[in-house]
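The values are calculated or read from the model by the stated rules, or taken from the named source; none is laboratory data. Here the structure is a predicted model, which is why all the values come from computation and not from measurement. Every residue, glycine among them, receives a Cβ derived from its backbone with ideal geometry; neighbour counts consider all protein chains shown. Just so you know, the surface numbers come from the protein's heavy atoms only, side chains and all, with ligands and any DNA or RNA stripped out. Shrake-Rupley method; radii C 1.70, N 1.55, O 1.52, S 1.80 Å.
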Amino acid sequence: MSIGTRKSHNNILSVLALAVILICSLPTSAPLAQNTQPYQATLVVHADRPGATINRNIYGHFAEHLGRLIYEGLWVGENSTIPNTRGLRNDVVAALKELRVPVLRWPGGCFADEYHWRDGIGPRDKRPRRPNASWGGVDTNAFGTHEFMELCEMLGADAYINGNVGSGTPQEQMEWIEYMTSDSDSTLANLRRQNGRDKPWKVPFFAVGNETWGCGGHMRPEFYADVYRQYATFVKNHSGNRIQKVAVGSHDDNYNWTEVLMAQAARHMDGLSLHYYTLPTSNWDKKGSATQFGEKEWHATLIRTLRMDEFIQKHSAIMDKHDPQKRVGLLVDEWGTWYDAEPGRDMGALYQQSTLRDAMVAAVNLNIFNRYADRVRMANIAQMVNVLQAMVLTDKEKMVLTPTYHVFRMYKVHQGATLIPVDLNAPEYKLDQASVPSLHASASRDAEGRLHLSIVNLDPARAAEITTTGASIKSVSGEILTAPAINAMNTFDQRDVVKPVRFSGYKLQGSQLSLSIPAKSVVVLEIK
Ligand code: AHR
């Protein structure tokens with residue numbers, strides 16, 4: 001991560017907008033807006049205008065060697081008292097399986113550009129211990145290629161391996177791929193067999209470096225475009241494995257990076273990444289608290305997270321210019337909320353609690369990715385366990401599911417479905433001088449013909465009374481995720497404060513559907 005680089009690219013307009021909000025709005029402890037009157041809205045479902053297929057990989061995840069994610073969060077070792085299967089903890093794996101994780105990115109992040117794959121194979125007691133230069137501490141390398149692939153197999157997820165460009169070589173990268181995917185009689189394929197894996201694995205996605213504009217090498221786009229072309233040449237297909245090659249893309253509004261990469265290297269890549277983190281402030285030095293916040297920070301966080309729409313739209317427009325056929329996918333392979341470290345927690349561990357606000361962020365972003373399904377082919381929330389906007393938090397043998405977990409479970413119905421465009425007409429949710437849409441939605445139709453509609457009411461105080469048109473409806477069912485407070489969270493002692501329940505706020509008269517969506521809630525409906 002290069003905080004300096006990120007800061008320098010922050011959009012000035014956004015900073016000004018947030019400054020206005022911060023100056024004009026109520027103090028953190030202020031009560032929610034007084035207006036609790038429901039508002040009226042209309043929702044048109046364009047069932048007759050099916051769009052692109054929503055790539056299931058939009059619901060992807062990311063696991064980096066960082067904090068307590070890999071060690072403790074996923075890997076506890078075979079001799080642990082925490083119940084495990086060949087070292088991988090059973091409770092976390094079982095919870096993640098419910099999400100139908102389509103793809104998992106590993107081993108970083110910044111860590112990827114310091115990771116040497118040979119450290120993580122062979123007998124565990126002989127593996128070298130290396131400092132984790134990006135995030136602190138020493139990595140025992142107990143979790144390496146075989147353990148990662150075993151995790152993917154348990155989850156039923158595709159492997160997305162992030163190669164090392166920053167401190168590695170094209171040869172090292174080429175040999176890792178051969179080790180993993182070759183079914184030949186080569187020395188490396190036999191080394192894999194000797195280490196316990198006979199059949200090669202499938203590696204459908206391979207990224208050539210991470211954030212090479214920052215922690216991955218502080219390169220200029222012109223330089224990286226050439227480096228990418230060189231390294232990508234040696235990403236080889238073996239034994240029927242077909243790798244999609246991913247180039248490091250931009251972050252936030254760094255459109256020049258996308259322009260240069262697309263102009264100079266597009267024909268060598270299958271995907272170009274994009275990273276964008278949501279901070280309640282624009283300030284990497286003072287991001288804001290994960291749990292101690294009021295409506296001002298709720299609203300500011302929503303403003304910032306909604307910028308994902310603008311970034312995807314503008315990066316896509318550049319990609320369209322160079323690749324009108326949309327052959328190259330835009331892969332948002334790091335996204336999510338990033339707050340200040342909790343007091344008393346190790347700064348490097350990036351452990352943070354997750355509240356109802358994070359559920360809103362997750363739902364809004366997943367709606368956005370669905371809507372841009374024609375270009376966005378993958379997204380990987382940062383990160384899977386115990387780091388940033390995690391699905392699951394652990395404390396030794398204890399585990400708790402976050403509000404974000406519940407959104408991913410509710411939204412999995414969109415995986416692989418066909419996008420159905422929707423139009424919303426609703427008042428803005430205003431706070432002082434700034435406003436965001438009060439409602440946010442996306443819809444899709446699955447292979448069985450069921451329509452799924454996901455609706456987020458961003459307003460923390462007002463319910464939405466929605467009249468829908470456009471879909472032929474016989475029956476409706478659904479779930480709702482909400483909580484009494486905007487900063488409600490699940491803890492190891494109170495695990496179900498934010499948990500989905502059956503949704504009953506609809507009326508079906510003939511085929512006319514009206515919905516009553518409570519304030520600060522996420523609703524997913526199944527319509528037949
Ligand atoms: O997700 C944490 C870090 O954020 C990743 O290692 C890096 O790629 C990004 O800056």
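Annotations for the structure displayed:
- Qualifying residue in the range 362-374 (condition: free of Cβ contacts under 8 Å to residues at least 60 places away in the same chain, surrounded by 20 or more Cβ atoms within 10 Å (Cβ to Cβ) and over 30 Å from GLU72 (Cβ atoms)): no
- ILE177 vs. criteria open to solvent by less than 10 Å² (accessible area, probe 1.4 Å) and either touching a Cys at 6+ places or on another chain (Cβ under 8 Å) or within 16 Å of the ligand (Cβ to nearest atom) (or both): no
- Matching residues in the range 477-511 - criterion: being more than 16 Å from HIS406 (Cβ to Cβ), touching a residue at least 12 places away in the same chain (Cβ under 8 Å) and outside any loop (DSSP other than H, G, I, E, B): SER477, TYR506, LEU508
- Just so you know, in the range 110-127 the residues that are open to solvent by 40 Å² or more (accessible area, probe 1.4 Å) and part of a loop (DSSP other than H, G, I, E, B) include one that is farthest from the ligand (Cβ to nearest atom), and it is PRO123.
- Any hit, the range 183-196, residues being assigned to a loop (DSSP other than H, G, I, E, B), within 16 Å of the ligand (Cβ to nearest atom) and closer than 25 Å to GLU114 by Cβ: no
- Some residue of the range 257-269 being at pLDDT 95 or above, at positive phi, within 16 Å of the ligand (Cβ to nearest atom) and open to solvent by less than 40 Å² (accessible area, probe 1.4 Å): no
- Just one of the listed residues (GLY144, GLY166, GLY136) is within 16 Å of the ligand (Cβ to nearest atom), buried (at least 17 other Cβ atoms within 10 Å of the Cβ) and in the same structural domain as ASN90 (by TED's automatic domain parsing), and it is GLY166.
- Considering (1) touching a helix residue (DSSP H, G or I) at 6+ places or on another chain (Cβ under 6 Å); (2) within 16 Å of the ligand (Cβ to nearest atom); (3) in a strand (DSSP E or B), the lone condition that CYS215 does not fulfil carries the number (3).
- The one condition in (1) in a loop (DSSP other than H, G, I, E, B); (2) touching a Cys at 6+ places or on another chain (Cβ under 6 Å) that ALA159 fails to fulfil: (1)
- All positions within the range 322-379 that are away from the ligand (no atom under 16 Å from the Cβ), at pLDDT 95 or above, within 18 Å of MET489 (Cβ to Cβ) and not small (Gly, Ala, Ser): GLN353, THR355, LEU356, ARG357, MET360
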